[in-house]
Each structure stands twice: as structure tokens, then as C-alpha cells.
Amino acid sequence: MVEPKSYMLPFVLLVVLLNKFKIILCYASADPTYGFSPMALTPENLELQRPYDVPLEERYSYENGVHKLWVYADDKPHDPNSLTQPRTEIRIRGVDYSSGVWQFEGYGFVPNGTSGATIAQIHGAAHGATTLILRIYNGDMRYYSFDLVATDLYDKWFRLNIIHDVDGGMVTVFIDGVQKFATKDKGPGDLYFKCGVYAAPANISYYMESRWRDIKIFKKCES
């Protein structure tokens with residue numbers, strides 16, 4: 001083996017450091033779906049919930065791969081026996097979970113004026129009805145009505161990824177591939193993902209709308 005000349009050693013060291021730095025950068029900017037396996041979804045997996053007294057086409061449309069969902073503040077709930085707020089949501093069936101690490105991915109769009117609307121959630125928890133609520137207030141996304149997750153989301157498509165590590169008790173939210181929020185979950189339960197529009201208890205706009213495309217569910221690969 002030929003030994004490198006002494007004047008080349010700094011150059012060799014620089015190359016090694018750059019290569020290590022590139023590895024660190026790649027790891028830091030890794031796609032949130034890396035290490036996950038996609039679950040097969042068909043239209044049958046997407047159950048639509050809407051105010052019970054109106055036809056579906058008056059609160060939902062699907063065109064060119066885009067789900068458009070809207071609701072009004074004075075709409076009825078999705079069931080005559082429910083006391084919940086009005087909603088038009090996609091409830092993702094067939095991939096319910098109670099353990100492991102799962103992930104929702106979808107591209108969302110919220111038009112200017114929609115406020116006080118839950119656009120994505122994890123339903124189910126050991127304590128309470130939901131593990132995660134992501135609401136839009138005046139263009140900003142919040143965890144329920146509290147922690148700020150992201151800002152300036154009106155009138156633009158954004159990629160939303162939600163990772164739920166049930167065994168580790170953590171939920172992590174990414175916007176456009178960047179981690180924006182993480183919190184402890186509310187314990188295990190019968191869990192599933194939803195997206196669309198679901199009115200908050202207070203401070204809501206009269207008209208609420210969100211659009212979704214490329215909805216996917218992933219499960220963490222077994223090590």
C-alpha cells in the first residue's frame with residue numbers, strides 16, 4: 001500500500017470530514033417516511049362523515065385526485081344521536097391500530113377564511129376521545145387550541161406527516177418534511193387517522209373547508 005505524502009494528509013482529512021458531514025446532513029433531512037412501509041389503501045378505506053341531514057355531494061367533492069370537504073357552523077352533526085360539532089371528514093378505515101409506530105401522510109390545502117376547524121386528527125386515546133387534534137386558526141396550525149405548530153398555511157398546498165409511536169407514547173408532526181411539533185400522547189386505545197373539517201367548540205368561521213390529496217398510511221418497518 002502506498003502511503004499518502006505528508007502534504008496530502010490535510011486534504012485527506014478534509015475529505016473524510018466532508019463525507020461525515022454529508023452523512024449527518026442526509027440523516028437530519030431524512031424523509032419522515034424513511035423506515036416505514038406503505039399500507040395498501042383503496043377508496044373503501046376512506047369513509048366519509050358529513051352532516052346527517054344533507055346529501056354527500058352538498059359537503060364533499062372529488063375531482064382530479066383532490067378531496068374537497070366543507071361544512072357550515074350551523075350544520076347538524078354526522079349522526080342524529082351525536083352531540084358533537086358539525087364535520088365533513090375522511091375517517092381512514094382498515095388500518096386502525098393500538099400498538100407500534102404508525103404514520104399519516106397527506107397534502108392539505110386550507111382556503112383563507114377557514115378558522116376554528118380541525119383538519120387532521122388521531123381519534124382514540126386512553127384518556128379522552130382523541131390523541132391529536134390539529135386545528136387552523138387564522139391561517140396558523142395549533143395543537144388543539146394551544147401550542148403553535150405552523151404558521152401562514154392559507155391558500156397553499158402543504159405536506160403533513162403525523163407519526164404516532166404508541167409504544168413510546170409520542171406524537172410528532174412534520175410540515176413539508178420538517179419536524180414542527182412533538183408531544184406525549186394520551187395513552188393507547190383504538191386509534192385511527194382522520195382529515196377534513198371538524199368545527200372546534202368555539203371561535204369558528206361560518207364556512208370551513210379543507211382539501212386533501214395523496215393520502216397515505218405507513219407502518220414502521222420491523223427491526
Q) Which residues, counting only those in segment 130-168, are touching a residue at least 60 places away in the same chain (Cβ under 8 Å) and not β-branched (Val, Ile, Thr)? A) Arg135, Tyr137, Asn161, His164, Asp165, Asp167, Gly168
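Can you name the strands (runs of 3 or more DSSP E) wholly within segment 150-196 that have at least 2 residues being farther than 22 Å from Arg213 by Cβ and at pLDDT 95 or above?
170-175, 178-184
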Q.
Looking only at segment 197-219, how many residues end up being among the aromatic types (Phe, Trp, Tyr) and crowded, with 17+ Cβ neighbours inside 10 Å?
A. 3
Q.
Quick check on segment 71-84. Is at least one of its residues modelled with pLDDT of 95 or more, under 23 Å from Gly116 (Cβ atoms) and surrounded by fewer than 10 Cβ atoms within 10 Å (Cβ to Cβ)?
A. yes
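The values are calculated or read from the model by the stated rules, or taken from the named source; none is laboratory data. Just so it is clear, the structure is predicted and the values come from calculations on it, not from any experiment. Here the Cβ is made from the backbone with ideal geometry for all residues, glycine too, and neighbour counts use every protein chain on show.
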